[in-house]
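Q: One structure, as structure tokens, below. Some questions next.
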Amino acid sequence: MSDWIIKAENLGKKYRLQHQAQGQRYTALRDVIAEKTKGLFQKLKLGKQKTETGHAEGPNPFPLSKSLLSTLPATEDFWALKDVSFEIKQGEVVGIIGRNGAGKSTLLKILSRITEPTEGRVTLRGRVASLLEVGTGFHPELTGRENIFLNGAILGMTRAEIRRKFDEIVAFAEVDKFLDTPVKRYSSGMYVRLAFAVAAHLEPEILVVDEVLAVGDSQFQKKCLGKMQDVARGGRTVLFVSHNMNAVEDLCSAALSLEAGRLRERNEDVRSVIMRYLGSGMDGTASSEWSNTQNRYNHPVMRPEYFAIVDAHGEPLKTPVRGDQQIYALIRADVRSIDPALNAGIVIYNQQSDELAWSFTTDAPESEWPKLEVGILEFRCALPKRFFNEGIHRVDLHMSLHCREWFVRPGHNAPSVQFEIQGGLSDSPLWTFARPGMLAPEWKWERTH
């Protein structure tokens, strides 16, 4: 028999989305009731006419008017997952990575049997403990002590098993002083500590964890990672979703990358999967330039045409550059109408997907903003020299009507490009290569006394 413990075969999950046309009001319950009441009176009137004339009434005595039908939202099928197949072996710690909306949480909900797939199937050989959201299964009016028993029961623990693990759970969560306090008075950090402690001490064959490191201090995050490593060393399987690429690389023995609901890559070389994910644009290839060849983001105010990181000659970067080399972010857009709130810009991330900086065309005083006019315009921004640390940096495009509407939103639907810094951080003999920290600015120090 194969040594897999999780097997997914052609998994797909479809949701039906509703869209309201721009300018149309939403159909309220009172509108439908009014229409049905109107239909009832029409039916009575038709019945009376039938008695008097002998003609049969129409097939639909309760029609909705055309005006009401026109306000009903249009529907669209959305595949959160499509044709996803993989196997996970017993004892593997698998990091699941991808952008927001890639399908990570949907996949975990299917694996945890919270939701059923629309197509395909998943086979599990063992008990699953899931921590998908902070405090899932907690009752806010119950105390911490009561919620340990409640949440443990929800996760499949027997009362005897919970009693045996109770002291260990409390010690791990560090909430002993607040055991008899209702959890509605807990901070978010206390909430997630207790939730993770219960799930991790269930001793499941499969532990599913979604973004548990997004809440809590660094000390607790280290405890979580240590506990998951203990679980893995015990021969159990861990599925770990996180945007913290350092944690994924340190903890996981394999990585699974999702993009737009599809499996992009599954590899035991975790670092290579992470680097391809961090350096990839929306078309799935690592590049310093992006062109809107598929006519995307087709907004009536502005549409992006081209986005790149270029050198002083306007050429897209093909190789890593030194930290003291001048490079630029370049945006070419089709401006279709003028709006004072219109802006564009970039968001820069490091290799761990930490946001380093946002930059807008409207950062400066209004008199210094780039002049807007209808047509194809090009915007360029000089990225500061000797500011970025060594490594690959991802750059997302953004476009919006300030505080009103996103056209292109970083971390959601934005195209990405990249650049890599190697060397040239400073003239100091001590700091010629990567230094600690996210950034590596060269700031001048002087003696004042």
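Q: Based on this model, can you work out whether residue 94 counts as at pLDDT 65 or above and in contact with a Cys (Cβ under 9 Å, 6 or more places away or on another chain)?
A: Answer is yes for this residue.
Q: Let me confirm something: among 152, 120, 126, 144, which residue is open to solvent by 20 Å² or more (accessible area, probe 1.4 Å), over 30 Å from residue 78 (Cβ atoms), in contact (Cβ under 8 Å) with a residue 24 or more places away in the chain and not acidic (Asp, Glu)?
A: Working: 152 fails: open to solvent by 20 Å² or more (accessible area, probe 1.4 Å); 120 fails: over 30 Å from residue 78 (Cβ atoms); 144 fails: open to solvent by 20 Å² or more (accessible area, probe 1.4 Å).
Unique residue meeting the criteria: 126.
Q: Please state which of the following conditions residue 288 fails to meet, knowing it meets all the rest: (1) open to solvent by 30 Å² or more (accessible area, probe 1.4 Å); (2) modelled with pLDDT of 90 or more.
A: Answer for residue 288: the failing condition is (1).
Q: Which of the residues belonging to region 160-179 are surrounded by fewer than 14 Cβ atoms within 10 Å (Cβ to Cβ) and either assigned to a loop (DSSP other than H, G, I, E, B) or out of contact with any helix residue (DSSP H, G or I) (no Cβ under 7 Å at 6 or more places or on another chain) (or both)?
A: 160, 163, 164, 167, 168, 171, 177
Q: Still on this structure: Condition first: part of a loop (DSSP other than H, G, I, E, B), closer than 21 Å to residue 438 by Cβ and either open to solvent by 50 Å² or more (accessible area, probe 1.4 Å) or among the acidic types (Asp, Glu) (or both). Now tell me which residues in region 327-372 satisfy that.
A: 354, 363 - these are the residues of region 327-372 that are part of a loop (DSSP other than H, G, I, E, B), closer than 21 Å to residue 438 by Cβ and either open to solvent by 50 Å² or more (accessible area, probe 1.4 Å) or among the acidic types (Asp, Glu) (or both).
Q: While we're here: So, residue 376, is that one hydrophobic (A, V, I, L, M, F, W, C), touching an Asp or Glu at 6+ places or on another chain (Cβ under 8 Å), touching a residue at least 40 places away in the same chain (Cβ under 8 Å) and open to solvent by 30 Å² or more (accessible area, probe 1.4 Å) or not?
A: Taking the combined requirement at face value, the residue satisfies it.
Q: Quick one: in region 312-326, of everything that is modelled with pLDDT under 90 and part of a loop (DSSP other than H, G, I, E, B), which residue is most open to solvent (accessible area, probe 1.4 Å)?
A: Top of the filtered list is 318.
Q: Quick one: which residue in 382, 357, 344, 329 is out of contact with any Asp or Glu (no Cβ under 9 Å at 6 or more places or on another chain) and farther than 24 Å from residue 297 by Cα? Step through it out loud before you land on a result.
A: On the way: 357 fails: farther than 24 Å from residue 297 by Cα; 344 fails: farther than 24 Å from residue 297 by Cα; 329 fails: farther than 24 Å from residue 297 by Cα.
Checking each option against the conditions leaves just 382.
Q: Of all residues in region 404-449, how many are open to solvent by 80 Å² or more (accessible area, probe 1.4 Å) and touching a residue at least 40 places away in the same chain (Cβ under 8 Å)?
A: Residues meeting the conditions: 5.
Q: So, residue 353, is that one under 22 Å from the mean Cα position of the chain (by Cα), small (Gly, Ala, Ser) and within 19 Å of residue 100 (Cβ to Cβ) or not?
A: When the stated conditions are applied, residue 353 passes them.
The values are calculated or read from the model by the stated rules, or taken from the named source; none is laboratory data. These numbers were taken from a predicted model, which means no experiment stands behind them. Here the Cβ is made from the backbone with ideal geometry for all residues, glycine too, and neighbour counts use every protein chain on show. All accessible areas refer to the heavy atoms of the entire protein, side chains included, with ligands and DNA or RNA removed. Shrake-Rupley method; radii C 1.70, N 1.55, O 1.52, S 1.80 Å.
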